Amino acid sequence: MRILMISTMIFLPILGACTKKDSAEKTIRKEVFVTAMPVGGEVNDPDHGRETWLAVGPVEGTEGSPANGVGTAHYFEDGTFILGMQVNIAPPEDGFFYEAWLVKEGENDVSLGHLTNPSGDARHQLRFMAEEDYRDRATIAITREPDDGNPESGIVVARAVLTKRQR
């Protein structure tokens, strides 16, 4: 009987601790990016059809802004352009954010949107999708922008040059 009481006093608190929700579980979020993967050397996206073009480029920080990562762009037979980026760069200070742009000399830059940072560390990501053909824009610029509503106030902190690839 005494062994049963001692065992109960030891194992009940452990059991209770195992069934409680971990507080970290409430704060960790996740983002899911659906990526079409090649089968037999060809990519067929269930929503956009066959991939007709692929370009990949390394992300490199500008002087004074260490960064690295990769950008990957796809163009599908239905006319959809999808660009994804994974960028490692220090989180911006309060009141600032990172924005990515498709650049073409002599034309207005196309905003790809703000880089997200779901982990709260250096890992940033972005997914851009459009029904326009941006295959002629091979340069991506990442700017650090003050949250002032002025899209022309950022400084370039990283770049990528996309190179067309064959599957």
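Just need a number here: residues in the range 61-116 that are closer than 18 Å to residue 137 by Cα, in a strand (DSSP E or B) and not aromatic (Phe, Trp, Tyr).
Total satisfying the criteria: 17.
Whether any residue in the range 133-146 is closer than 30 Å to residue 49 by Cα, assigned to a strand (DSSP E or B), touching a Phe, Trp or Tyr at 6+ places or on another chain (Cβ under 9 Å) and of a type outside the set (A, V, I, L, M) is what I want to check.
yes
Pick from the range 147-167 the residues that are in a loop (DSSP other than H, G, I, E, B) and in contact with a Ser or Thr (Cβ under 8 Å, 6 or more places away or on another chain): which of them is nearest to residue 68 (Cα to Cα)?
Here the answer is 162.
Can you pull out every residue in the range 126-156 that is among the β-branched types (Val, Ile, Thr) and under 25 Å from residue 74 (Cβ atoms)?
Answer for the range 126-156, where residues must be among the β-branched types (Val, Ile, Thr) and under 25 Å from residue 74 (Cβ atoms): 139, 140, 142, 143, 156.
On the given criteria, is residue 58 modelled with pLDDT of 95 or more and assigned to a loop (DSSP other than H, G, I, E, B)?
no
Looking at this structure, is residue 160 touching a residue at least 60 places away in the same chain (Cβ under 8 Å), aliphatic (A, V, I, L, M) and within 24 Å of residue 52 (Cα to Cα)?
So residue 160 fits the description; yes.
Name the one entry in 144, 135, 167 that is out of contact with any Pro (no Cβ under 9 Å at 6 or more places or on another chain), in contact (Cβ under 8 Å) with a residue 40 or more places away in the chain, closer than 22 Å to residue 58 by Cβ and not small (Gly, Ala, Ser).
Just one listed residue meets the conditions, 135.
When only residues in the range 120-157 that are polar (S, T, N, Q) and over 16 Å from the mean Cα position of the chain (by Cα) count, which is nearest to residue 102 (Cα to Cα)?
Top of the filtered list is 139.
Taking residue 120 as the residue in question, decide whether it is in contact with a Pro (Cβ under 8 Å, 6 or more places away or on another chain), without any contact (Cβ under 8 Å) to a residue 40 or more places away in the chain and either surrounded by 15 or more Cβ atoms within 10 Å (Cβ to Cβ) or in a loop (DSSP other than H, G, I, E, B) (or both).
Yes, satisfied.
Which ones in the range 47-78 are more than 22 Å from residue 157 (Cβ to Cβ), hydrophobic (A, V, I, L, M, F, W, C) and touching a residue at least 40 places away in the same chain (Cβ under 8 Å)?
Of everything in the range 47-78, those that are more than 22 Å from residue 157 (Cβ to Cβ), hydrophobic (A, V, I, L, M, F, W, C) and touching a residue at least 40 places away in the same chain (Cβ under 8 Å) turn out to be 53, 54.
The values are calculated or read from the model by the stated rules, or taken from the named source; none is laboratory data. Please read all numbers here as calculations on a predicted model, not as lab measurements. For neighbour counting, all protein chains shown are included, and Cβ atoms are generated from backbone atoms with ideal geometry for every residue, glycine included.
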